Amino acid sequence: MEEQFSIVEDITDPSLMENILSRLDEIQLEDEEFMQILLSKQNEMVVTWDQPWYQMANCLTRPLDQSNCKETAMFRTDAICSDESKKIHKNWKKFQKNFDVPNKPICLARWKNKEKCRSPSTPEEFVRRFVISFLARGLERNLYQVHKHFLNRYGSLNKGKYWKYEENAMEVCLYHCPKNAVIYLSAVLSREPRGIYKRLWQMFNGKPERKKLKWTLQLATKFLKLLMEHSGETVVDNLKQKKFEKSVWLKLEGDIGQQYIYLQQFWQDELHVQLFVKADVKINKLRRKVFKTLRLYPYKVWTDIRWKEVAKHFADGFSHRFLYKICYFLVFKSINKLRTHPLEEVIIHGIEKSKLVPNKRLKTLVFNENKELEIIKYSNKMLY
């Protein structure tokens, strides 16, 4: 497709849409052939291993209902980490070898049961459920979680920046088949539907503008007062653990004239910490403590880190986003492929680099009696 859509002079040309539909037919045929191979192995698909109760559900596409659960053994609820992802891939290789099927997990991830009965007892749903059950072996995960990860890892191979040929194909498909454009594009571009929705919206509406705001004490005071007003709070300390509805941020967006997502970042990354950490904090010392805390967990790569868990080791004034930010911006330029780099090496590098960069102090603020923000210096040192 890259060659066909790298240059598109006229999106109304029907032959361009025919190219997309032709590729879609090839994909659907490949997926259906793979499903037929699985169906031919159905009689061999017998569960011979012990399954925990949470891996016995009949539905792969709905979260596990625990409302009437009396079981004591529970499954993990955090995001699947790199070790678990490797285990799933290892189980796939075992499945492929044991059942002599092609190494095409993408076919199962893309396959849609649209024309057939979706009852769990149908052959198609049986074999799909068996494969996911096989992949879940040895994991403290339910089938819904493993299925969702499987679709994300193998069904959407392309991530990140959209190339020009992809955008051209999106314009062509949207012009000729607007109703099914996202479904078709997700298959032929191997991307997640929600990412395509977002990119289409940006293509025709433009990306949200981020105005350059200089966050002075005066502007930060205005922001804080409006946040309290729209959230119905009269005491600043009540904001520490408060979760704000989107409607609150949209009102702030209108009042300040900045996209609400950037206002959220200012609150979580900066002002929250400056208000609620009431101690003298040296940033580099804090960084070293965060890096050392990461060793308390079985994280192997950067994407394994659960920052909300890490934040529990620090004073509750520190937001998890602030801890993430001070560590990420210290190492991301100096470590190639940070997200997949061995985490222990990242930790060592981060600790050593924190000894070489300027050691700034956290600027702390207080909302004074005149209801204005002012800088305050605490004499007590932060204890780690």
Euclidean distance between Cα centres, the range 216-230 to the range 44-67, Å: 50 Å
Before rounding to the nearest 500, sum -39500 (n - 2.57) across all DSSP H runs of length at least 4 in the chain and divide by the residue total; then give [θ] at 222 nm in deg cm²/dmol. -15000 deg cm²/dmol
Kindly identify the range 202-293 as rounded, prolate or oblate by the Cα gyration tensor criterion: order the square roots of the eigenvalues as a ≥ b ≥ c, call it rounded if a/c is under 1.5, otherwise compare a/b with b/c, prolate if a/b is larger, else oblate. oblate
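When Leu217, Leu356, Leu200 are ordered from fewest to most other Cβ atoms inside 10 Å of their Cβ, what list results?
Lowest count first: Leu356, Leu217, Leu200.
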Rounded to the nearest 20 Debye, what is the dipole magnitude of the range 217-375 about its Cα centre when Lys and Arg each give +1 and Asp and Glu each give -1 at the C-beta? 800 debye
Please return the longest range in the chain lying between exposed loop sites, taking GluC sites (Glu not before Pro), DSSP loop only, at most 10 other beta-carbon atoms within 10 Å, and leaving the sites out. 246-368
Can you tell which of Gln218, Gln268, Gln55 shows the greatest fluctuation in a Gaussian network model of the chain with Cα springs below 10 Å? Gln218
Please work out, to two decimal places, the log10 of the ratio I(q)/I(0) at q = 0.07, 0.13, 0.14 Å⁻¹ from a Debye calculation in which every Cα of the chain carries one identical scatterer. -0.48, -1.24, -1.29
Final fewest-first order of Asp50, Asp31, Asp237, Asp83 on the 10 Å Cβ neighbour count is Asp50, Asp237, Asp83, Asp31
What number comes out for the charge environment of Arg76, summing +1 per Lys or Arg and -1 per Asp or Glu over other residues with Cβ under 10 Å away? -2
For the range 217-375, what class follows from the C-alpha gyration tensor (a ≥ b ≥ c being the square roots of its eigenvalues): rounded when a/c is under 1.5, otherwise prolate if a/b is larger than b/c, else oblate? prolate
So which aspartates and glutamates can Lys214 reach, going by Cα to Cα under 19 Å and dropping same-chain residues fewer than 8 places off? Glu253, Asp255, Asp269, Glu270, Glu372, Glu374
Measuring from centroid to centroid over Cα atoms, what is the spacing of the range 1-34 and the range 246-272 in Å? 42 Å
First check a/c for the range 12-65, with a ≥ b ≥ c the square roots of the eigenvalues of its C-alpha gyration tensor; if it is under 1.5, answer rounded, and if not, answer prolate when a/b is larger than b/c or oblate otherwise. oblate
Sorting Lys278, Lys212, Lys251 on the 10 Å Cβ count, fewest up front, what's the list? Lys212, Lys278, Lys251
If I build a Gaussian network model for the chain, linking alpha-carbon pairs within less than 10 angstrom, which residue out of Phe322, Phe244, Phe34 has the largest mean-square fluctuation? Phe244
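Rule-based calculations on the coordinates, nothing more; no lab input. The model shown is predicted, which means the values in this text are computed figures rather than measured ones. Note that each Cβ is placed from the backbone with ideal geometry, even for glycine, and that neighbours are counted across all protein chains shown.
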